[in-house]
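Chemist: The structure that follows is given in the form of structure tokens.
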Amino acid sequence: MLTDRELELVRRATAVLDGATLNENHQVSAAAYDATGAVFTGMNVSHFTGGPCAEPVVIGQAAASGAAPLTTIVAVLARGMRVIPPCGRCRQQLFDYYPDARAIIRGENGLESVPITDLLPFPYDYQDYEPDAPPIALHLWDGYLDAVRNGTKRSTVRVHDPVVPGPIRLIFEHDGGSATTLAAEVTEVEHRTVAELTEQDAVLDGFANLAELRTALDAHYPGLTGATELDLVRFATTG
């Protein structure tokens with residue numbers, strides 16, 4: 001269900017098509033409002049060489065006008081005058097420029113407004129791969145936080161989660177959506193199978209013995225066998 005403001009945005013996008021010269025193959029309009037409430041509209045350019053979708057046309061219009069960040073966008077297909085979701089390329093562009101924006105789509109119960117991040121759950125964020133980007137994140141169960149802080153846990157066993165020596169961020173996600181991040185340095189990565197784990201591996205991982213470690217691994221990674229390959233990531237916190 002939409003708010004009155006969102007519903008008006010759908011009407012504005014539809015109105016663009018009402019007065020346009022339409023391409024019979026694929027014509028789409030879009031409308032978005034920014035953080036101040038200003039509305040920007042646009043239409044796609046359909047051409048055999050390619051052409052921009054309606055959403056990036058709107059992004060360009062907003063940028064040319066010096067707009068505040070866009071907060072909500074909707075696209076309407078001329079054939080049937082129905083709301084359509086952004087394509088994959090547009091989702092990536094919207095995420096890059098306005099990661100907090102929302103898109104109006106047609107869900108099972110009618111039109112609804114959803115976060116762009118819901119439409120792109122595993123986005124490519126170019127900022128994560130810049131030379132000065134933060135170190136890669138390694139997610140650990142928040143029950144290990146105290147053990148990592150006091151130094152009794154200096155290792156973690158990973159399955160199909162490759163890590164290399166160097167700086168890293170240890171992320172402990174808590175109930176309620178908050179998280180604690182610790183700066184650390186991966187000092188060594190050892191490759192083993194489950195059957196090759198030792199009592200010393202268990203101690204470095206903060207467990208009393210190998211049996212406890214195996215029980216924890218079975219809980220984290222159901223279906224492990226003795227031949228399953230593991231990475232033993234040794235680390236030290238740095239801040």
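Chemist: Based on this model, can you work out whether Glu188 counts as more than 18 Å from Ala147 (Cα to Cα) and not in a loop (DSSP other than H, G, I, E, B)?
Modeler: yes
Chemist: Let me ask another. Pull up region 54-69, narrow it to residues that are touching a Leu at 6+ places or on another chain (Cβ under 8 Å) and not β-branched (Val, Ile, Thr), then point me to the one that is nearest to Val28 (Cα to Cα).
Modeler: The residue in question is Glu55.
Chemist: Okay, moving on. Just wondering, is there one or more residues in region 160-168 that are of a type in the set (D, E, K, R) and either under 17 Å from the mean Cα position of the chain (by Cα) or at pLDDT 95 or above (or both)?
Modeler: no
Chemist: I need the strands (runs of 3 or more DSSP E) fully contained in region 17-105, keeping only those with at least 1 residues that are touching an Asp or Glu at 6+ places or on another chain (Cβ under 8 Å).
Modeler: Strands (runs of 3 or more DSSP E) meeting the threshold: 28-34, 39-43, 70-77.
Chemist: Still on this structure, please answer the following. Looking for whichever is touching a His at 6+ places or on another chain (Cβ under 9 Å) and not basic (Lys, Arg) here; the options are Leu70, Leu77. Which one fits?
Modeler: Leu77
Chemist: Inside region 142-167, can you point out the residues that are in contact with a Phe, Trp or Tyr (Cβ under 7 Å, 6 or more places away or on another chain) and charged (D, E, K, R)?
Modeler: Asp142, Lys153, Arg154
Chemist: Determine which single condition Gly66 fails, assuming it passes every other condition in (1) on the phi > 0 side of the Ramachandran plot; (2) surrounded by 15 or more Cβ atoms within 10 Å (Cβ to Cβ).
Modeler: Gly66 satisfies every listed condition except (2).
Chemist: Restricting attention to region 120-169, which residues are free of Cβ contacts under 8 Å to residues at least 40 places away in the same chain, in a loop (DSSP other than H, G, I, E, B), under 23 Å from Val189 (Cβ atoms) and of a type in the set (A, V, I, L, M, F, W, C)?
Modeler: Residues satisfying the conditions are Ala133, Ile136, Val164.
The values are calculated or read from the model by the stated rules, or taken from the named source; none is laboratory data. Model, not experiment: these values are computed from the prediction. Please note: Cβ atoms are built from the backbone with ideal geometry, for glycine as well, and neighbour counts cover all protein chains shown.
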